[in-house]
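Participant: Could you have a look at this structure, given as C-alpha cells, before my questions?
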Amino acid sequence: MGQTVDAASLTRWVREFRRAVAANRDLLTRLDSAIGDADHGINMDRGLAVVVAELERHPPSHVSVLLRDVGTTLMSAVGGASGALYGTFFLRMATAAGQQRSLEGPAFAQALRAGLEGVRRRGKAVAGDKTMVDALAPAVDALDVALAGGAGLGAALRGAALAARAGRDATTPMLARRGRASFLGERSVGHQDPGATSAALLIAAAATAFADVPG
C-alpha cells in the first residue's frame with residue numbers, strides 16, 4: 001500500500017474499530033456502569049454496525065467523504081456524548097483532509113490531531129480530566145514524534161497505540177473532571193475511563209489496519 005492512506009485503507013480502519021468495539025462491548029459497558037450510564041459499549045457497538053453497513057452500501061472513493069460520512073453517521077446512530085465526540089473527531093479529520101485523495105503519513109497525523117482538537121473543544125476536556133482525550137492526546141503526540149524521527153506510518157502507529165493504552169491505563173487513579181463521571185467526585189477514582197478505553201481501541205485499530213504500511 002505504500003506510504004499513503006486512501007479511502008480503502010480508511011475503510012479497513014473503521015471496520016477494524018467496529019470489530020474491536022464489538023469484541024470489547026461488555027468490557028466498555030462494565031466500565032461505564034461504574035462511572036457512567038452503563039451504555040458506552042452498547043451504543044458504540046450499535047453505532048459502528050450502522051457505520052459499516054453504510055460503507056458497504058455506499059463505499060466512498062474519496063478520503064474526506066468517507067470521514068465525513070462516518071462522522072455524521074456516528075452522531076445520529078450512537079447519540080449522546082459518545083456520538084457527538086466521535087462524530088466530531090471524524091468530521092474534523094474530514095475537514096483537515098480537504099480534497100486530497102490519499103494522505104501521506106504527516107497529513108494523516110495532521111488529520112488525527114484535528115480530530116483530537118475537535119474532541120477537546122466539544123467536550124471542553126484537557127489531559128488529566130479522565131476522558132478519551134487522555135488516550136488520544138499521547139497517541140497523537142507519539143505519532144508526530146515517530147514520523148518526525150523518520151519512522152514509517154505503520155511503525156509510528158504501533159507506537160501511538162502503545163501510548164494510547166498507557167494513557168487509558170493512567171485514567172484509573174484520576175479524579176474525573178468532565179462528563180457523567182465528574183458527578184461522582186472521589187468515587188470516580190479507581191475506575192478506568194470507558195471513553196479512553198474505546199479511544200485506545202480506535203488507535204489500535206489504525207495500527208492493525210495500516211500494518212502493511214512500510215516502517
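Participant: Where does each of HIS58, HIS40 land when they are ranked from fewest to most other beta-carbon atoms within 10 angstrom?
Facilitator: HIS58, HIS40
Participant: Using the 10 angstrom Cβ neighbour count as an exposure proxy, how do MET174, MET132, MET93 rank, fewest first?
Facilitator: MET174, MET93, MET132
Participant: Let me ask you something else. Give me the one-decimal nm value for the distance between modelled label points at LEU175 and THR72, 7 Å along each residue's Cα-to-Cβ direction.
Facilitator: 4.3 nm
Participant: So how much slack lies between SER33 and ARG101, counting 0.36 nm per residue of separation and subtracting their Cα-Cα distance, in nm?
Facilitator: Using 0.36 nm per residue and subtracting the Cα-Cα distance, I get 20.4 nm.
Participant: Another question, then. What number, rounded to the nearest 500 deg cm²/dmol, is the helix-based mean residue ellipticity at 222 nm of the chain, given -39500 (n - 2.57) per DSSP H run of at least four residues and division by all its residues?
Facilitator: Using -39500 (n - 2.57) per qualifying helix, the result is -23000 deg cm²/dmol.
Participant: Still on this model: Sorted by mean Cβ packing within 10 Å, highest first, what order do the peptides 166-173, 185-192, 204-211 take?
Facilitator: Top to bottom by mean Cβ count within 10 Å: 204-211, 166-173, 185-192.
Participant: Okay, moving on. Going by how many other Cβ atoms sit within 10 Å of their own, how do ILE203, ILE35, ILE42 line up, fewest first?
Facilitator: Taking fewest neighbouring Cβ atoms as first place, the list is ILE42, ILE35, ILE203.
Participant: Next question. Relative contact order of segment 138-215, please, whole-number percent, based on alpha carbon pairs below 8 angstrom and at least 6 residues apart.
Facilitator: About 39 percent, as a whole number.
Participant: With a sphere of radius 11 Å drawn around the Cβ of GLY179, what net charge do the other residues whose Cβ falls strictly inside it have (Lys, Arg +1; Asp, Glu -1)?
Facilitator: +1
Participant: When the chain is treated as a GNM, springs tying every alpha-carbon pair under 10 Å, which of PHE17, PHE183, PHE90 comes out with the largest mean-square fluctuation?
Facilitator: Maximum among the listed residues: PHE183.
Participant: So, with +1 on the Cβ of K and R and -1 on the Cβ of D and E, and no other charges, what is the size of the charge dipole of the chain about its Cα centre, to the nearest 20 debye?
Facilitator: Computed about the Cα centre, the dipole is about 300 debye.
Each value in this text was obtained by applying a stated rule to the coordinates, not by laboratory testing. Since we're looking at a predicted model, the values are computed, not measured. So basically every Cβ, Gly included, is an ideal-geometry build from the backbone, and we count neighbours across all protein chains shown.
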